[in-house]
Amino acid sequence: MSLAPFSPEEIAAEGLKPEEYEEIVKRLNRHPNKAELGMFGVMWSEHCCYKNSRPLLKQFPTTGDRILVGPGENAGVVDLGNGIQLAFKIESHNHPSAVEPFQGAATGVGGILRDIFTMGARPIAVLNSLRFGSLDDAKTRRLFTGVVSGISHYGNCIGVPTVGGEIYFNSAYSGNPLVNVMALGLMETPEIVKSGASGIGNPVLYVGSTTGRDGMGGASFASAELTDKSVDDRPAVQVGDPFLEKSLVEACLEAFKTGAVVAAQDMGAAGITCSTSEMAAKGGVGIEFDLDKIPVRETGMVPYEYLLSESQERMLFVAHKGREQELIDIFHRWGLQAVVAGTVIEEPIVRILFKGEIAAEITATALSDNTPIYHHELLTELPEYVKKAWEWSANSLPPCTINGIEISEQFQTWNEILLTLLDTPTIASKSWVYRQYDHQVQNNTVMLPGAADAAIIRLRPQLEIEQSIEYNQGVAATVDCNSRYVYLDPYEGAKAVVAEAARNLSCVGAEPLAVTDNLNFGSPEKPIGYWQLAESCRGIAEACRELGTPVTGGNVSLYNETLDAEGKPASIYPTPVIGMVGLIPDLTKICGQGWQESGDLIYLLGNLISDDSKYRNLTTDITLGGSEYLATIHGIVGGKPPRVNLDLERRVQAACRAGIRNGWVRSAHDCAEGGIAIAIAESCIAGKLGAEVNLNVNFVNGKRWDEVLFGERGNTILVSVASENESFLVSYLEEHLPNLWQKIGKVGNVESPLRVVTNDGQSLIKVTIEEICDRFYNAIERRLGAA
């Protein structure tokens, strides 16, 4: 065979390794041309083919009574009963957002919404999970404000509410922010629209916007480390048009209802290359596609550019032969492009035509599912950083008293530490962010951002056959990940992420149903990076099985590393974000995290603040390992993070849901970052009511006061109950959660402080509601200079 027409540098520029190029030549029985090389480059990227992660993903549970569509389609679909079906999915737009934060985040929203309505579902909500460096850094402030602006711009313009999410700030994300977006939609078509092409001779339609050079090679860009020169990759960042996408939503749903559409696929990562090859491979057929038919926004484009463009708001349809004009007319009526650009063929190849000649011809499966798979060797010992971190113990901290602790020769009271933690951007209110989002458009948002542990959306039937039935159901959704836990212990940390997501849903009264995951990690080619990924997947799989929440799909984002000028890589914390949805059977039986009435009684469900041996086998210990207190107050990232007991987790969550559904529990909030002290403070802030909490000294025997107040744990929910319903709740807990709950206090009034005392009346914490609200609500604005 002749010498390769490409230099090693040109091959590497497409994201391909030398051995992968050799495999391409072997499969084609010839050297590829430039267009084909580009097609293999994007389709064999981690972003598209999961070549380093696919073996690990196979261990996830993916089936269940409510699962209608699992992994492999544009989005997962679950059955909510009464004919209502929910599509949902999470995707990342990390690298584009690092280079061009506004457009990177905006098109991330646009892309995930297309995944939803491509299934035949109308988008009803968006959530996001964001990670940035420290807000003390000017670059981080630019990225943060740009990403928030991009999300709000696209979501607000297209008319889909952004109803919830999470934001963490840590120096591990300084050069590589994370932008993960989750979307939900209700099926509006009688049949779920799939993506596998079928019907030899059926026409292939290109619909939506025009094609340009924007987003060139975005999939490969998303599968490489960021460097000081990544700003030069701005052409790999797409540019979105939310108003055009709004028209695309309506046109697609109208088209699907005609029954003329056989299959549909969003043109996301890898554009025309990905949509043609995936539709062909899933259907076991081929597609012949003529680039000359494609409407363009730029002149002089060559096949390589057509095939790798990631211009936004574009779709590919397979139509029933003879009904193509019916579909074209619909799109033209909505002011969109629509042309017959190809045909379904019997030979299972993707054949690309340009100017009357074959520009590329590749077996569809070679691009889609028969891609390289890499099996990496798993570390047999813990990495050194983990061993060192696990050596830390609370005994190494300065001694503390009932009054406070001396840090760096300066004594700090527990009041001061509580206020400092509430002022930490990761814990503090994200109201500066969600005030920019239209979270009430569509008029179905039941629980506003910041009011509860999960978002709640009212379910309004989309199909005519459903509209005769009276509904009072809702869907709850959350996104969660404590990446510091995962960094310190990927297996246990990942289990804790799944458990917290389910706990957040249970705290609003929802039954957890299913998961979509976004695995954000560093390089899998490095032993530590792969170990973190593999152990996290193992933890997610186990927790999802134990909690009965199958995985319906998701996204893998690897190579989240920043190379400095000397080429040294710095990886993010391993961040497996879990998006989870749950069903609320009755919207009149829900609750938020804020106290509701003065005089209500406060109970702790699950992990007790106890050193009593009779509770040891029932609970998992509270710890300062991996805690926000340890990182913020002492500047230490170390110790073993909390371990969840999944059996106890199920029982605690079931008790919480039962309390809410029976009308006994009036507020519920999980104990997460910052421990019980922060959880109590957040309930005071949300309800604008004080509280008196008594921590029985018999239950803290052997514990440091900072462990009791700010230690973190799983399996724990803080609830309030009206005095007239206390006996009902206690009776239920005695039967279903024996010895795993305790009464710890009473809700005060609007003038009352937050006061935490011991059982002999000694004060640990006493702060006014005004003080904690000021720290909590203004922390981010102060750092942005907006206050």
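The values are calculated or read from the model by the stated rules, or taken from the named source; none is laboratory data. Because the structure is predicted, anything quoted here is derived from the model rather than measured. Every residue, glycine among them, receives a Cβ derived from its backbone with ideal geometry; neighbour counts consider all protein chains shown. Side chains are part of the model used for accessible areas, which takes the heavy atoms of the whole protein and leaves out ligands, DNA and RNA. Shrake-Rupley method; radii C 1.70, N 1.55, O 1.52, S 1.80 Å.
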Expected 222 nm ellipticity per residue - DSSP helices of 4 or more, -39500 (n - 2.57), all of the chain, to 500: -10000 deg cm²/dmol
Working note, segment 363-509: Cα radius of gyration (Å, one decimal) and Dmax (Å, whole number) are 23.7, 71
So with the 1.4 Å probe, I'd like the accessible area per residue for the chain, rounded to whole Å². 35 Å²
On the principal axes of its Cα set, how long, how wide and how thick is segment 86-230? Give whole Å, largest value first. 57, 32, 23
Using the Cα gyration tensor of segment 135-221, the equivalent ellipsoid's semi-axes, largest first and to the nearest Å, work out to 35, 19, 14
Cα atoms only, segment 624-709: Rg and Dmax in Å? 15.1, 44
With only Lys, Arg, Asp and Glu charged, each at its Cβ (+1 for the first two, -1 for the last two), find how big the charge dipole of the chain is about the Cα centre; round to the nearest 20 debye. 640 debye
Restricted to Cα positions, what overall size does segment 1-42 have along the principal axes? Three whole-Å values, descending. 23, 18, 17
Carbon-plus-sulfur fraction of the accessible area of the chain, 1.4 Å probe, in percent? 47 percent
Give, in nm to one decimal, the length gained when the segment between Glu346 and Glu566 is fully stretched (0.36 nm per residue of separation minus the Cα-Cα distance). 74.0 nm
Aspartates and glutamates with Cα under 12 Å of Lys743, excluding same-chain neighbours fewer than 8 positions away: Asp600, Glu692, Glu726
When the gyration tensor of segment 726-771 is built from Cα positions, what are the square roots of 5 times its three eigenvalues, in whole Å, from largest to smallest? 28, 14, 8
Projected area, mean over directions - segment 121-176, Cα convex hull, nm²: 4.2 nm²
I need the per residue convex hull volume for segment 633-765, using only the alpha carbons, in cubic angstrom as a whole number. 131 Å³
Give me the net charge for the shell around Ser152: Cβ to Cβ below 13 angstrom, other residues only, Lys and Arg +1, Asp and Glu -1. +1
Shape call for segment 1-147, from the Cα gyration tensor axes a ≥ b ≥ c (a/c under 1.5 means rounded, otherwise prolate when a/b beats b/c, else oblate), comes out oblate
Shape call for segment 691-787 from the C-alpha gyration tensor, a ≥ b ≥ c root eigenvalues: rounded (a/c under 1.5), prolate (a/b greater than b/c) or oblate? prolate
Based on the Cα atoms of segment 345-446, what semi-axes does the equivalent ellipsoid have, where each is the square root of 5 times one gyration tensor eigenvalue, given in whole Å with the largest first? 57, 31, 12
Taking 0.36 nm per residue of separation between Asp774 and Leu68 and subtracting their Cα-Cα distance, the length gained on full extension comes to 249.5 nm
Could you tell me which residue out of Gly271, Tyr374, Asn715 lies farthest along the dipole of the chain toward its positive end? Charges go on the beta carbon: Lys and Arg +1, Asp and Glu -1, centred on the Cα centre. Asn715
If you average 1/r over all unlike Cα pairs in segment 304-392 and invert the result, what Kirkwood radius do you get in angstrom? 18.3 Å
P(r) of segment 510-563 in 5 Å steps, Cα pairs, percent per bin? 5, 18, 25, 21, 15, 10, 5, 2, 0
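Given a cut-off of 20 Å, name the pairs among Lys387/Lys568; Lys51/Lys526; Lys194/Lys293 whose C-alpha atoms lie farther apart than that in the structure shown. Please list the in-between numbers first.
Working: Lys387/Lys568 23 Å; Lys51/Lys526 15 Å; Lys194/Lys293 25 Å.
Listed pairs above 20 Å: Lys387/Lys568; Lys194/Lys293.
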Among DSSP beta bridges lying fully in the chain, give the percent that are antiparallel, nearest 5. 80 percent
In what sequence, largest accessible area first, do Glu313, Glu10, Glu726 appear using a 1.4 Å probe? Glu10, Glu726, Glu313
Rounded if a/c under 1.5, otherwise prolate or oblate - segment 539-696, Cα gyration tensor axes: prolate
So, how do all the Cα-to-Cα distances of the chain break down into 20 Å bins, in percent, from 0 on up? 17, 49, 27, 6, 0
